[in-house]
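Here's the structure we're looking at; comments come further down.
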Amino acid sequence: MNKVILSGYVVRDPEIRTTSTDKTVATFGLSVQRGWKKAEGSQYPPSDIFNIVAWERRAEFCRNYIMKGSRI
C-alpha cells in the first residue's frame with residue numbers, strides 16, 4: 001500500500017452527500033505548495049490543487065471542522 005501525506009489549505013468548503021447505501025462522503029479541494037520561496041524574490045511558489053474524498057467518519061469530521069481557508 002502506498003501512503004501520501006499532504007499539507008495545505010482548503011480551497012472550497014467540503015461538499016457533503018450521502019450514497020444510496022447511507023454512507024457519508026465529503027469532497028473538497030486542497031492547495032499544496034510545491035516550491036520554495038527564494039530569498040531574493042517575492043514570488044509565491046507554484047501550487048497544486050488536489051481533489052480530496054473522505055468517507056464515513058472522516059467525512060463527518062470534515063463536515064464539523066473543515067472550512068475554506070483551513071490549513072490541514
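The values are calculated or read from the model by the stated rules, or taken from the named source; none is laboratory data. None of the values given here were measured: they were computed from a predicted structure. Every residue, glycine as well, gets a Cβ built from its backbone with ideal geometry; the counts of neighbours run over all protein chains shown. To get the accessible areas, we keep the full protein, side chains included, count just its heavy atoms, and leave off ligands, DNA and RNA. Shrake-Rupley method; radii C 1.70, N 1.55, O 1.52, S 1.80 Å.
Per residue, how many Å² of accessible area does the chain show with a 1.4 Å probe? Write down the numbers at each step before the final one.
Working: 6190 Å² over 72 residues.
Ligands and nucleic acids excluded, the result is 86 Å² per residue.
Return one quarter of the surface area of the convex hull spanned by the alpha-carbon atoms of the chain, equal to its mean projected area, in nm². Please report the intermediate quantities before stating the final value.
Numbers: hull surface 24.6 nm².
Result: a mean projected hull area of 6.1 nm².
Quick check: the angle from helix 56-65's long axis to the longest principal axis of the chain, C-alpha only, nearest 10 degrees?
60
Given a cut-off of under 8 Å on Cα pairs at least six residues apart, what relative contact order in percent is computed for the chain?
Contact order relative to length: 40 percent.
With +1 on the Cβ of every Lys and Arg and -1 on the Cβ of every Asp and Glu, and nothing else charged, how large is the dipole of the chain about its Cα centre, in debye rounded to the nearest 20?
Working: 12 positive and 7 negative charges, 31 e Å.
The dipole of the chain has a size of about 160 debye.
Given Pro45, Thr27, Tyr65, which one lies farthest toward the positive end of the charge dipole of the chain, if we put +1 on the Cβ of every Lys and Arg and -1 on the Cβ of every Asp and Glu?
The residue sitting farthest along the positive end of the dipole is Pro45.
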